[in-house]
Amino acid sequence: MQFEQLAIRREGSLPYSSVLRNTYFLLSLTLLFSAGTAIFGMAHPVVGGGQWIVFIAGFVLLFATMALRNSVWGLLMVFAFTGCMGFSLGPFLNYFIRGYTNGGQLILMALFGTGATFLLSSAYILVTQKDMSGLGKFLMIGLVVCIVAGIANIFLKMPAVQLAISALMVFISTALMMFDTSRIIHNGETNYIMATISLYLDILILFQNLLILLAELTGNRRS
């Protein structure tokens, strides 16, 4: 399958079916690429200051993708950004592999749960054609609150708070998947590069927080 265009046309130029098809195709490729860089990141994890470099690089690549979204260079930036995000997952995944006797199982369960949630939430929106545009502000506020609470909990180090934040983030990321899919089918987002980025981040957030929840509820810590 090929993209229907190389140069990304501006808003309003593609019917939603074309945007959706291109988005899902590009999303599947970036997820596979991100999985590969995550495996590489597990084998060659960055430590110390290197983690900050990767973090900053991710932000730079995100803004570069947004700036180049209407050109063929935007496709390259999408893979650079998602590859960087995948690589940054290395230490995160290693924490569960090394810290839990069933770490590998937890990761697989989180992957399955994330995939199933994405398929079901997307199918619901596509079948019902539900317009969720009115929830955008509430979801963004909830996301910001969770991020601020997460940063605060770095210093508080309260497991119950982390569990509550992760549970709320699972709910918010699932709602964001439906919101972003709704935007595509109702022509709120007509650029498939930006649609791919939005859904990719929704999936990433869901996977990370679902893994944290599973570890807290069913994980067996190494002694």
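The values are calculated or read from the model by the stated rules, or taken from the named source; none is laboratory data. Computed from a prediction, not measured in an experiment: that's the story for all the values here. Because the Cβ atoms are built from the backbone with ideal geometry, glycine has one as well, and the counts that use them run over all protein chains shown.
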Task: Candidates Q51, Q105, Q2, filtered to the one that is of a type in the set (S, T, N, Q) and modelled with pLDDT of 95 or more - done: Q105
TODO: Output the residues belonging to region 45-62 that are surrounded by 11 or more Cβ atoms within 10 Å (Cβ to Cβ), aliphatic (A, V, I, L, M) and touching a Pro at 6+ places or on another chain (Cβ under 8 Å).
DONE: V46
Task: Odd one out for S173, checked against (1) in contact (Cβ under 8 Å) with a residue 12 or more places away in the chain; (2) over 25 Å from L27 (Cβ atoms) - done: (2)
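Sort out which residues of region 63-86 are of a type outside the set (G, A, S) and more than 23 Å from L111 (Cβ to Cβ), and write them in order of number.
Listed by number, the residues that qualify are F63, T65, M66, L68, R69, N70, V72, W73, L75, L76, M77.
If we scan region 89-104, do we find a residue that is surrounded by fewer than 19 Cβ atoms within 10 Å (Cβ to Cβ), in a loop (DSSP other than H, G, I, E, B) and in contact (Cβ under 8 Å) with a residue 12 or more places away in the chain?
yes
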Task: Residues of region 105-125 that turn out to be over 15 Å from the mean Cα position of the chain (by Cα) and of a type in the set (F, W, Y), as a count - done: 1
TODO: Could you please find all residues in region 59-88 being over 17 Å from L201 (Cβ atoms) and outside any helix (DSSP H, G or I)?
DONE: L68, N70, S71, V72
Open item on the list: Just to be sure before I move on: is G115 closer than 26 Å to D180 by Cβ and either out of contact with any helix residue (DSSP H, G or I) (no Cβ under 8 Å at 6 or more places or on another chain) or free of Cβ contacts under 8 Å to residues at least 40 places away in the same chain (or both) in the structure I sent?
Closed with: yes
